[in-house]
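First up is the structure itself, then whatever we jot down about it.
The values are calculated or read from the model by the stated rules, or taken from the named source; none is laboratory data. Everything numeric in this text was worked out from a predicted model, so none of it was measured. Note that we place each Cβ from the backbone using ideal geometry, even for glycine, and neighbour counts take in every protein chain shown. Ligands, DNA and RNA are stripped out before the accessible areas are found, and what is left, the full protein with its side chains, is counted by its heavy atoms. Shrake-Rupley method; radii C 1.70, N 1.55, O 1.52, S 1.80 Å.
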Amino acid sequence: QVQLVESGGGLVQPGGSLTLSCAASGIIFRLHGLGWYRQAPGKQRELVASINSGFSTTYTDSVKGRFTISRDNAKNTVYLQMNTPKPEDTAVYYCNAPINSAFWGQGTQVTVSS
């Protein structure tokens, strides 16, 4: 049974930093690509960042240079480091593992506001 548990969300000021974590169980973690998605009120869920089994990464244009996705295969955990967040980054963030699968975490709210 696949289980994904996100943590690390909360309120952050613009220009601050926040790191999200997603701990996975029930999959052979090191073999799979992983993704972070987000969904803002009234908007569709979008892919924010992904990392494959070879540690190659992709980012949506709006977060390039500000967010970093990483993985620790020993801890079965994927991270999203959010630097200099903006109010438009406010959303519920979800991890998806394996990426493009039907398995999702419960989501963690990130609110960027002063």
Subject >> Residues that are over 12 Å from residue 108 (Cβ atoms) and open to solvent by 30 Å² or more (accessible area, probe 1.4 Å), drawn from the range 28-43 >> reply: 28, 30, 31, 32, 41, 42, 43
Original post:
Looking at 28, 99, 69, which is the one that is in contact (Cβ under 8 Å) with a residue 12 or more places away in the chain and within 16 Å of residue 2 (Cα to Cα)?
Top reply: 99
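I want to confirm something. Restricting to the range 10-27 and keeping residues that are polar (S, T, N, Q) and closer than 12 Å to residue 110 by Cα, which single residue is surrounded by the most Cβ atoms within 10 Å (Cβ to Cβ)? Walk me through how you get there before you give the answer.
Narrowing the range 10-27 to residues polar (S, T, N, Q): 13, 17, 19, 21, 25.
Then drop every residue that is not closer than 12 Å to residue 110 by Cα, which leaves 13, 17, 19.
Working: 13: 11, 17: 12, 19: 14.
Ranking the candidates gives 19 first.
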Original post:
Can you name every residue in the range 68-98 that is assigned to a loop (DSSP other than H, G, I, E, B) and of a type in the set (A, V, I, L, M)?
Top reply: 74, 97
**OP:** Test residue 65 against the stated conditions and say whether it is at pLDDT below 95 and either assigned to a loop (DSSP other than H, G, I, E, B) or touching a Lys or Arg at 6+ places or on another chain (Cβ under 8 Å) (or both).
**Re:** no
**OP:** Could you please let me know if residue 104 is closer than 23 Å to residue 12 by Cα and out of contact with any Pro (no Cβ under 9 Å at 6 or more places or on another chain)?
**Re:** no
Subject >> Per-region count, the range 44-56, residues open to solvent by 60 Å² or more (accessible area, probe 1.4 Å) and farther than 13 Å from residue 97 by Cα >> reply: 5
**OP:** Can you tell me which residue among 66, 45, 30, 38 is in contact with a helix residue (DSSP H, G or I) (Cβ under 8 Å, 6 or more places away or on another chain) and among the charged types (D, E, K, R)?
**Re:** 38
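Please pick out the residue among 58, 19 that is in a strand (DSSP E or B), over 18 Å from residue 112 (Cα atoms), among the β-branched types (Val, Ile, Thr) and at pLDDT 95 or above. Outline the logic, then answer.
Working: 19 fails: over 18 Å from residue 112 (Cα atoms).
Among 58, 19, only 58 is in a strand (DSSP E or B), over 18 Å from residue 112 (Cα atoms), among the β-branched types (Val, Ile, Thr) and at pLDDT 95 or above.
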Original post:
If you take the residues in the range 86-99 that are more than 17 Å from residue 26 (Cβ to Cβ) and not hydroxyl-bearing (Ser, Thr, Tyr), which one is most open to solvent (accessible area, probe 1.4 Å)?
Top reply: 88
